[in-house]
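Working notes, structure below.
Quick note: the coordinates plus some simple rules give every number you see, no bench work behind them. These numbers were taken from a predicted model, which means no experiment stands behind them. Neighbour counts run over all protein chains shown; Cβ positions are idealised from the backbone, glycine included.
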Amino acid sequence: MSVSPSDINEPVPQQMDEKPRWIKELLEWAKTITISFLIVMVLHLFVFNLSTVEGHSMEPTLRDREWLFVNKAAYLIGSPKVGDIVILEDPSAYGGQNDYLVKRVVGVAGDRIEIYNKELYRNGVKMAENYTDIEIEDLDFMPVIVQKGQYFVMGDNRHARASKDSRNFGTVPRSMIHGRADFILWPFKQVKAL
């Protein structure tokens, strides 16, 4: 009796370059995790960031230890506007420290900013500051003309010496502003758009 090769049901041996199924799955998982990590890193570097409020300089708008959603893409095309709450490098930080502040923009290029009689004036007009609940307790501040590419920032807390801001370190260059705070994310009972 003769038998042809097609009649034999012998298992086909695995080829040398074929990997077991569990290794293929492991490699797929590793690839998925790596791609996900890279996407999150790109988003973190260029699109958004989370920041924690430290201190009381932005009260009553922001409270100590609240988490903010920071929109880094907001200023890729546009520029900070009066009223925006921004995250910026602390211009007064020493020794290359990366300290950050959260402040409100109150003056942009060409604006004349001054404080007298406990009120903030922009271009000679008293600013309506519905975001703060107290008049400015610090001394009057002589007029400053905000130069091109610069911003005048202040904390919302107007108690005496409650905020380190442009009254202390001067105007801030655009390059030191890292993004706009758009939302309070934590605690959940305080979640709101800014």
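Observations on the model:
- Distant alpha-carbon pairs in the chain (separation over 28 angstrom), percent: 42
- Above-threshold pairs, the threshold being 26 Å between Cα atoms, out of Lys126/Lys189; Lys126/Lys164; Lys72/Lys192; Lys81/Lys126: Lys126/Lys189
- C-alpha long axis of helix 21-46 to longest principal axis of the chain, angle in °: 20
- Taking a ≥ b ≥ c as the square roots of the eigenvalues of the alpha-carbon gyration tensor, segment 21-93 is classed prolate because a/c is 1.5 or more and a/b outweighs b/c.
- Given charges at Cβ of Lys, Arg, Asp, Glu: segment 65-131 dipole, positive-most of Val82, Gly110, Ala128: Ala128
- Set of lysines with alpha-carbon distance to Lys24 below 24 Å, sequence-local pairs under 8 removed: none
- Theoretical FRET efficiency, 1/(1+(r/R0)^6), r = Cβ-Cβ of Asp90 and Ala30, R0 41 Å, to 0.05: 0.55
- Among Arg158, Arg65, sorting on how many other beta-carbon atoms sit within 10 Å of each Cβ, with the fewest leading, yields Arg65, Arg158.
- Going by neighbour counts of Cβ atoms within 10 Å, the residues Tyr151, Tyr75 line up, fewest first, as Tyr75, Tyr151.
- Taking Glu18, Glu114, Glu135 and counting other C-beta atoms within 10 Å, the order from fewest to most: Glu18, Glu135, Glu114
- Net lengthening on full extension, Lys164/Asn98 (0.36 nm per residue, minus Cα-Cα): 22.2 nm
- Residues whose amide H lies under 5 Å from that of Phe183, counting only those 5 or more places away or on a different chain, are Phe69, Leu194; hydrogens are built 1.01 Å from N in the peptide plane.
- Here each label is just a point 7 Å from Cα along the line to Cβ, and for Val125 and Leu38 those points are 5.0 nm apart.
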